[in-house]
Each structure stands twice: as C-alpha cells, then as structure tokens.
Amino acid sequence: MTHRVALVAQNPGLPFVFEAAGRAGCLITLVALPGVTVPAGLPNVESVVELDIFGDPGGAHAWLEGRHASQPFDAIITLYEAAGPFTAEAARRLGLRGIGPEAARICRDKYRQRDAMRQAGLDVPGYRLIDPVADIGSQITGLRFPLVVKPVNGLSSQGVSRADNLADVTAAVDLVQIINSSQLASYADASHAERTGVLAEEFIDGPEYCVEAVSSPQGTTVLAITDKGNLQGPYFEERTFITPAPLDPGTSARIIDAVRVAHRQIGIDFGASHTELRLRADGTPVLLEIGARMGGSGTVHYLVETASGVDFLGAVLHQATCGVLPTLHPTQQRFAADWIVPVTGHGVYAGLVGAEEVRRHPATGMLLELMRPGTPVPAWPRFVGYPAFVLSSHASYRDCQDYHTWLEDTIAITWA
Ligand code: ADP
Ligand code: CA
C-alpha cells in the first residue's frame with residue numbers, strides 16, 4: 001500500500017528523506033519554495049509544486065486543500081525549521097496528524113521558549129526581549145555579561161553574536177534588526193502569528209550538545225545525543241557534530257530528563273525534534289532551543305542510523321502515515337559525524353578544493369555539496385546556506401577527531 005505524503009520546503013540537495021520514502025512506502029508531493037531549483041528524478045517524488053508558503057500562506061493552504069479533496073494525502077510533514085507553523089496549520093486543516101499549531105509557533109519564538117522552559121522549572125539563562133528603539137542599557141540591567149544577542153525567530157545561527165559589553169550589544173541589536181527586516185520578516189507574516197524581534201540572554205559557557213528525539217502522546221524517546229563542540233563566538237557558525245557524545249550516564253540522564261520536560265511543556269507530542277543545549281559547570285543542562293522537526297533538514301538521520309542502527313526517517317514517516325511509532329531499539333554501533341565545510345570569509349562561492357580526496361577516504365560516508373557556484377556569500381553572522389556537509393563513520397570517537405583534523409587540512413571552499 002502506498003502512502004501519499006506532502007513534504008514542505010525540503011532542501012532537494014539532501015537525499016535522506018527521499019530515500020526513506022521508498023522504504024516507508026511513501027510517494028512524495030514536494031512543496032518547493034519559490035526560486036528553489038528542484039532537480040528532475042528525485043526518488044519517490046510523484047509531483048512538485050511551487051507554493052509561496054510564507055508570502056501567500058492562504059493560497060498555499062487552498063492549493064493543498066484542493067489537491068487533498070481530489071487525491072487525499074496520508075500525511076504532511078516538514079524538516080525545515082521555518083516551515084513548522086505552516087505545516088502544523090496545514091495538517092490541522094487537512095485533518096492529518098501533526099503537532100498543534102500553537103506548539104509549532106512556540107518553537108519558532110525563542111522568547112516564548114524561554115518562558116515555557118522557565119515555567120517548567122528548567123534552568124534558563126537570564127533573558128530579555130529588546131526594544132531596539134528604546135534605551136538598550138536599561139533593558140539589560142540585571143543580565144550578567146557576556147551576553148548573546150539573537151533574532152527571536154532565527155535559524156542556522158544567523159545573526160547570533162556574543163556581546164561582551166554594552167557597545168557590543170548595541171552593535172549586535174542593530175545587526176539583528178537588519179537581518180530581521182531583510183530576511184527573517186518574511187517568515188513572520190500575520191497569518192501564522194510568528195514575529196521577529198531581538199532577544200538578549202546570558203552566555204552559557206560550557207560544552208554544547210544536540211538531542212535528536214521522536215515524540216508521541218506516550219512521551220519523548222531520545223535517539224541520540226551529539227557533541228557540538230564548544231563554540232565561544234563572537235559568531236556561532238556550526239562546524240562539527242559527533243554522535244554519540246562521550247558523556248557519563250548521569251549527565252545523559254539529566255539531559256534526557258530536561259528534554260522530556262521541555263517537550264511536555266511546549267506540547268511536542270508528535271514527530272521528530274532537535275534540541276540544542278549547553279551544560280553549566282555543575283553539569284546542569286540549559287536548553288538553548290527546540291525545533292519541532294528533524295535536525296539538519298534530515299542530515300541527522302545519517303548520524304542516528306549510523307550510530308544506533310535506528311531508521312529515524314523511516315520511523316517518522318511511518319508515524320506520520322500510520323499513526324504509531326514502530327518500536328525503536330537504539331544500540332551503540334559506530335561513531336558518526338557531520339563536519340560542515342566552513343565559510344571563513346566572504347565573496348562569490350566558486351567550489352571546493354579537496355573534494356575528491358575526501359570522497360576517497362574510507363571513513364567518508366558522503367560529501368554533500370549544497371551551494372551552487374556563483375552564490376554571493378556574506379561574512380558571518382549573515383547566512384545564505386551551508387557550503388557542504390561531510391558525513392562519516394568511525395570505530396571510535398578518537399578516530400573521528402583525527403579525521404576532522406585531516407579534513408581541516410584537506411577540504412576548503414574557493415572564491416571566484
Ligand atoms: P539559531 O536558531 O539561529 O540556531 P541558537 O539560539 O541556536 O540560534 O544560537 C546559535 C548558536 O549560538 C548556538 O548553537 C550556540 O552555540 C550559540 N548560543 C546561542 N545562545 C547561547 C547562549 N545563551 N549561551 C551560549 N551559547 C549560545
Ligand atoms: Ca540553533
């Protein structure tokens with residue numbers, strides 16, 4: 001039996017969800033964002049439609065409702081952070097499974113997430129919503145430096161910077177405002193009640209981890225805790241992910257506990273989620289954000305499957321189409337990693353050096369080139385997309401670190 005799935009705003013350069021659809025007996029209708037080039041011949045895609053879900057959500061909902069009336073969908077999902085509220089609302093309108101639209105909106109609003117986590121009794125950094133036109137100094141009174149300034153509805157660390165003093169905060173607020181009005185405002189139209197804004201909060205100085213999980217009304221199951229390094233700023237370009245993180249059982253248990261509490265508080269009771277957190281010096285987890293979607297637009301499927309043997313995307317598609325999660329038995333198998341080729345500069349992207357060498361290395365699982373030559377790339381903390389991901393598999397954490405050192409010397413982007 002074939003399930004028909006609407007997949008919203010998927011980056012077509014990442015193969016995982018298209019391949020998983022075949023395993024889960026799904027045929028995909030790909031809802032592409034305007035201007036995104038979709039290559040022909042993507043596996044398990046029966047049709048592609050361009051819908052402006054941010055600029056014209058009403059029109060996009062109407063198209064989906066019309067198609068659903070003639071050829072019903074069994075599920076509608078997204079792996080793209082910004083499309084969460086639209087997809088949750090579409091699921092509600094079509095009578096399909098998904099998280100509630102309110103939970104999806106909280107996940108797109110870092111200020112509301114802070115409030116939710118505080119209400120749940122979790123440790124949160126001191127935080128303030130900043131009014132950029134009012135006096136900044138008086139608004140951050142009581143917060144302890146260093147701070148982090150960020151967009152309320154950002155993604156991919158865009159516009160996130162560390163601020164060590166008031167002058168830094170003021171400059172960072174100005175920068176967030178520019179990014180909000182030029183880029184993030186387009187996600188924030190009134191119809192899905194998302195907002196832009198500026199958040200200032202205390203910098204948590206400790207190692208960072210990601211948690212990949214899947215939820216149902218019965219609760220949240222953690223599939224992987226990934227080591228994300230310990231970026232110190234001033235900008236936070238994402239670089240390395242290693243699964244599983246080398247953690248003692250007590251710390252893992254505290255992380256899993258905090259993640260479960262936060263999911264219950266926000267109301268994430270369905271599908272994949274991606275949580276980011278840091279540890280305080282005493283080991284207390286401080287959740288930085290939760291995305292009610294799979295991490296890395298599906299890239300974490302590789303990490304979870306390689307490290308634990310669990311078919312993460314297969315499970316998520318099964319749950320979306322059939323209503324129940326298959327039984328999942330994660331077991332430690334390998335160490336898996338995602339290494340993001342750094343931007344280091346700005347200019348017009350030309351390509352990669354060292355790509356063939358990296359592809360030939362036995363630890364390399366996949367090199368995914370995501371940026372088109374000719375793309376103008378600004379300096380961090382502006383962001384237009386990742387150049388490339390290197391996915392790999394190793395017998396030990398140490399092997400993985402050595403491989404990443406080798407990558408540093410082997411692969412880089414070139415400018416036109
Ligand atoms: P985005 O949604 O754009 O990814 P995040 O809130 O996740 O924004 O911030 C991006 C990165 O910035 C985080 O992964 C982390 O490394 C760093 N960061 C953000 N907030 C803090 C904080 N309060 N303390 C320490 N690091 C932070
Ligand atoms: Ca993040």
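For the reader, a short list of remarks on this structure follows.
- In range of the label at D205: residues from region 134-173 whose backbone nitrogen is under 19 Å from the point 7 Å along Cα→Cβ: 142-149, 161-169
- Using the Cα coordinates of region 228-301, the gyration tensor eigenvalues translate into equivalent-ellipsoid semi-axes of 19, 18, 13 Å, sorted from longest to shortest.
- Across the chain, the fraction of Cα-Cα pairs farther apart than 32 Å, rounded to a whole number, is 34%.
- Compactness ratio for region 138-231: Cα radius of gyration over 2.2 N^0.38 Å (N = residue count) comes to 1.31.
- All-pairs Cα distance distribution in region 267-416, expressed in whole percent, bin size 10 Å: 10, 29, 35, 22, 4
- Among the trypsin sites (Lys or Arg not before Pro) in region 230-322, those located in a DSSP loop and surrounded by at most 13 other Cβ atoms within 10 Å of their own Cβ are R280.
- Based on Cα contacts under 8 Å between residues 6+ apart, the chain shows a relative contact order of 15 percent.
- Each principal axis of the Cα cloud of region 183-308 was taken in turn, and the coordinate range along them, longest first, works out to 45, 38, 27 Å.
- Debye intensity ratio I(q)/I(0), log10, region 1-68, q values 0.15, 0.17, 0.18, 0.24 Å⁻¹ (C-alpha model): -0.47, -0.59, -0.66, -1.07
- A straight chain from T37 to D174 at 0.36 nm per residue would run longer than the Cα-Cα distance by 46.0 nm.
- Check: region 1-97 dipole with +1 on Lys, Arg Cβ and -1 on Asp, Glu Cβ, in debye: 280 debye
- With 10 Å bins from 0: P(r) over region 339-416, alpha-carbon pairs, percent: 18, 50, 25, 6
- Applying a length cut-off of 18 Å (Cα extent along the axis) and a mean Kyte-Doolittle floor of 0.5 to the DSSP H helices of the chain leaves 166-182.
- Distance from region 83-132 to region 386-410 (C-alpha centre basis), Å: 34 Å
- On the principal axes of its alpha-carbon atoms, region 292-334 has extents of 30, 23, 13 Å, going from largest to smallest.
- Note on region 77-200: percent of Cα-Cα distances in each 10 Å bin, starting at 0 and stopping at the bin with the largest distance, equals 13, 40, 32, 12, 3, 0.
- Choice from Q319, Q218, Q119 showing the highest fluctuation, given a GNM over the chain with Cα pairs closer than 10 Å: Q218
The numbers here are math on the coordinates, done by the rules we state, and not lab data. Given the structure is predicted, the values throughout are model-derived calculations rather than measurements. Don't worry about glycine lacking a Cβ; one is built from the backbone with ideal geometry, like all the others, and counts go over all protein chains shown.
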